[in-house]
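Asks: Handing you a structure now.
The values are calculated or read from the model by the stated rules, or taken from the named source; none is laboratory data. The structure displayed is predicted, hence computed values, not measured ones. For neighbour counting, all protein chains shown are included, and Cβ atoms are generated from backbone atoms with ideal geometry for every residue, glycine included.
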Amino acid sequence: MSDKKPVLVGQQEFGAIYGGAARNVAQWIQRKQLDYSEAVIISGRAYWTVGFAVAQGERFKRPKEPNMAIVEQLVEEQSPGRGLVSALTVHRNDLPPIVGQHEIVAMIDEDPSSFLPRLKAAIRDDRFPAPDWGLSGSPLWLLSSALDTLETTTRFSKIKSRTPVINREVVEALQSGRYDGPGSEILARGAAKQG
């Protein structure tokens, strides 16, 4: 894999590539024109490679043309200097381990209900590195970036003089693609959540 960051899309970006909104993606999934088999699930949300999103246009029952200006913009925003062709060739299996807030909380051996608010405050106050991606309203980090920060800072510990205790089993599961903890499944929303 290239040392350039992969270009990903969440539901908002996927919809925008085809001139629509995030709800269009939810409808495509409901109608079985799109599924999660090529997505990575991070913090309960699906993300696809931009190459998959572009190729999906041909797979719709009524083929759609992707807006390549939006695709080029996503490539430039997420991986400056990466060529369009290079970005389009990255597949799901090429992705490095990526985490969101759920996975970061799971990596720490502390009560999630007390650690999550501290993490959110640290992100808001710029005491945690800026996310590597901001997709569909969610911050995402390379696992290595998040782990480096957690291992070298005392900002999150209940005891101010020590770094948080990292759960190595969770880290190994994230690194190997076997993680099945909080955030590893799609979070139900709205009517689906009630049913």
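Asks: Report the residue count in the range 45-76 for those that are under 15 Å from Ser136 (Cα atoms) and either basic (Lys, Arg) or at pLDDT below 95 (or both).
Replies: Number of matching residues: 1.
Asks: Turning to a different aspect of this structure: Determine the pairs where a residue that is touching a residue at least 24 places away in the same chain (Cβ under 8 Å), located within the range 31-46, has a partner that is loosely packed, with under 14 Cβ neighbours inside 10 Å and of a type in the set (Phe, Trp, Tyr) with Cβ atoms under 6 Å apart, the partner being 6 or more residues away or on another chain.
Replies: What qualifies is Gln33/Phe60; Ala46/Tyr36.
Asks: For Ser79, all conditions in the list (1) in contact with a helix residue (DSSP H, G or I) (Cβ under 8 Å, 6 or more places away or on another chain); (2) more than 27 Å from Val171 (Cα to Cα); (3) of a type in the set (Ser, Thr, Tyr) hold save one; what is the number of the exception?
Replies: Single failed check for Ser79: (2).
Asks: Here is a further query. In the range 54-110, what residues are touching a Gly at 6+ places or on another chain (Cβ under 6 Å), assigned to a helix (DSSP H, G or I) and either over 30 Å from Ala122 (Cβ atoms) or of a type in the set (A, V, I, L, M) (or both)?
Replies: Correct list: Leu88, Ala106.
Asks: Identify all residues within the range 1-24 that are surrounded by 21 or more Cβ atoms within 10 Å (Cβ to Cβ) and in contact with a strand residue (DSSP E or B) (Cβ under 8 Å, 6 or more places away or on another chain); write none if there are none.
Replies: If the condition is that a residue be surrounded by 21 or more Cβ atoms within 10 Å (Cβ to Cβ) and in contact with a strand residue (DSSP E or B) (Cβ under 8 Å, 6 or more places away or on another chain), then Pro6, Val7, Leu8, Val9, Gly10, Gln11, Glu13, Phe14, Ile17 are the ones that fit.
Asks: Keeping to the range 25-48, report how many residues are farther than 19 Å from Gly183 by Cα and either crowded, with 18+ Cβ neighbours inside 10 Å or among the charged types (D, E, K, R) (or both).
Replies: Residues in the range 25-48 being farther than 19 Å from Gly183 by Cα and either crowded, with 18+ Cβ neighbours inside 10 Å or among the charged types (D, E, K, R) (or both): 5 in total.
Asks: Could you identify the single residue in Gly20, Gly51 that is over 10 Å from the mean Cα position of the chain (by Cα) and either among the β-branched types (Val, Ile, Thr) or not in a helix (DSSP H, G or I) (or both)?
Replies: Gly20
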